[in-house]
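> I have a structure here, written as structure tokens, and I will follow up with some questions on it.
Read-outs: derived from the displayed coordinates by stated rules, not from any lab. This is a predicted model, so every value here is computed, not measured. Note that each Cβ is placed from the backbone with ideal geometry, even for glycine, and that neighbours are counted across all protein chains shown.
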């Protein structure tokens with residue numbers, strides 16, 4: 001039986017180089033993925049001003065969101081497979097560059113057709129963001145530290161959200177809503193070039209040992225079994241490793257419902273607070289900033305507990321988070337708008353809990369499929385997620401226009417319950433790498 005070791009067998013100089021590159025990789029993908037959100041979440045802040053200026057409805061905006069989300073889901077699955085085979089550095093930088101360009105085109109648009117076209121193209125390029133990050137995370141960090149590092153990377157969502165939700169109201173007030181697309185678009189073009197300069201690929205591409213060897217997770221012989229060169233695997237082999245795993249499909253379906261909860265707040269949160277709780281646009285933006293800050297810390301806590309308390313099992317934490325989200329949604333629904341502190345507490349609580357399941361579903365998919373098909377597995381769960389995201393666009397917009405925000409709360413609460421039930425079935429599932437080591 002192979003015993004796992006606690007320390008690397010390599011020289012101090014090799015250890016230092018490895019640590020340098022994985023730290024550089026981590027901060028680069030955090031900055032890079034936050035940059036994607038600068039040209040992704042800006043639309044949600046611009047909605048009230050766009051609707052007023054161009055006389056378009058929430059259903060129209062919802063159509064734009066849903067159309068883009070469907071293409072994003074398809075693109076994430078496609079680029080998930082590409083991401084497992086080719087350079088993460090190039091895939092990420094190219095996607096970021098062209099997403100920024102599409103935002104600049106959005107700023108020049110005035111019709112639903114133009115908005116739909118450029119926002120859909122933006123989301124196609126947005127789908128090139130997560131797969132390379134997932135590939136890099138799973139190749140630079142082992143399974144008993146992956147949850148925490150994944151959560152740190154996932155905090156880039158909220159970093160990007162905080163930045164864009166903080167500056168967008170000011171851009172609208174002083175320059176008009178079009179600058180919510182112009183300004184971030186130009187900034188992200190510069191950031192794309194910086195990310196291309198900072199990133200490299202896997203440890204092996206830099207002639208370093210694999211993460212399993214460096215962390216002493218397995219013997220050299222066993223590590224070689226896990227570390228077949230990604231480009232030697234055929235597309236069919238990669239797809240079978242991900243799509244042939246029943247647990248990947250379960251967390252993928254759970255991701256659909258989790259994304260309805262998450263994206264409904266990200267897309268409609270400012271408008272919901274403005275119309276149901278009497279909060280000003282600036283106040284709504286501030287509450288969403290608090291929501292995002294809470295999400296960062298909540299996600300890190302979820303990743304840490306799944307690594308250290310539950311020994312790499314993602315099911316317990318994600319299940320408990322979704323159950324508590326359902327409870328807080330019910331409270332937020334019935335609390336009157338005069339109860340500002342209680343409403344704010346509910347928003348903070350939902351924000352703290354919402355990132356955990358989204359992060360851990362991604363980690364679980366990578367755990368179940370192994371790192372060689374991690375990007376593909378996350379492409380599948382991402383596709384499910386953006387079916388949910390599509391509903392949170394057109395579906396939520398339609399419900400709000402035709403049945404009111406009460407119907408919206410019912411839809412989101414039902415989604416939280418469905419995600420809780422599905423995630424509970426993975427309660428005892430462990431990462432594939434740890435299972436293989438135990439068998440060895």
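> Can you tell me which of 15, 161, 255 moves the most in a GNM of the chain? Springs connect C-alpha atoms under 10 Å apart.
Of 15, 161, 255, the Gaussian network model singles out 15 as fluctuating most.
> What do you get when you divide the Cα radius of gyration of segment 235-392 by 2.2 N^0.38 Å, with N the number of residues? Display every interim value, and only then the final one.
Working: Rg = 16.9 Å, N = 158, 2.2 N^0.38 = 15.1 Å.
My calculation over the Cα atoms of segment 235-392 gives 1.12.
> Could you grab the relative contact order for the chain? Cα pairs under 8 Å, six or more apart, rounded to a whole percent.
Details: 809 pairs, mean separation 123.5, N = 440.
Relative contact order, the chain: 28 percent.
> Moving to a separate point now. Taking other Cβ within 10 Å of each residue's Cβ, how do 367, 307, 12 sort, fewest first? Could the numbers behind the result be given before it?
Details: 367 31, 307 23, 12 8.
In order of increasing Cβ crowding within 10 Å: 12, 307, 367.
> Now for a separate question. Under a GNM of the chain (C-alpha, springs under 10 Å), which listed residue has the highest mean-square fluctuation: 262, 24, 40?
Sorting by GNM fluctuation, first place goes to 24.
> Would you give the gap between the C-alpha center of segment 280-333 and the C-alpha center of segment 102-124, rounded to a whole Å?
What the calculation gives is 31 Å, centre to centre.
> Sort 359, 195 so the one with the fewest other Cβ atoms within 10 Å of its own Cβ comes first.
195, 359
> Further question: What residue among 347, 102, 50 has the largest mean-square fluctuation in a Gaussian network model of the chain, using Cα springs under 10 Å?
Its mean-square fluctuation being the largest, the pick is 50.
> To the nearest 10 degrees, how steep is helix 42-54 against the longest Cα principal axis of the chain, on a 0 to 90 scale?
Taking the Cα atoms of the chain, the angle to 42-54 is about 20 degrees.
> I would also like to ask the following. Return one number: the angle in degrees, 0 to 90 and rounded to the nearest 10, between the long axis of the Cα atoms of helix 315-334 and the longest principal axis of the Cα atoms of the chain.
Tilt relative to the chain: about 10 degrees.
> Please state the shape class of segment 64-174: rounded when a/c is under 1.5, otherwise prolate if a/b exceeds b/c and oblate if not, all from the C-alpha gyration tensor.
On the way: a/c = 2.53, a/b = 1.51, b/c = 1.67.
Judged from the Cα gyration tensor, segment 64-174 comes out oblate (a/c at least 1.5, b/c at or above a/b).
> On a 0 to 90 degree scale, rounded to 10, what angle separates helix 281-304 from the longest Cα axis of the chain?
20 degrees
> Any chance you could run the full-extension gain for residue 342 through residue 55? It's 0.36 nm times the residue separation minus the Cα-Cα distance, nm to one decimal.
On the way: separation 287, 0.36 × 287 = 103.32 nm, distance 3.40 nm.
Separation in residues times 0.36 nm, less the Cα-Cα distance, equals 99.9 nm.
> Rank these for me by crowding, 141, 20, going from fewest to most other beta carbons within 10 Å. Display every interim value, and only then the final one.
Numbers: 141 21, 20 10.
Going from least to most buried by this count: 20, 141.
> Let me ask another. Which semi-axes, in whole Å and largest first, does the equivalent ellipsoid of the chain have when worked out from the alpha carbon gyration tensor as the square roots of 5 times its eigenvalues?
On the way: eigenvalues 265, 116, 68 Å².
Semi-axes from the Cα gyration tensor: 36, 24, 18 Å.
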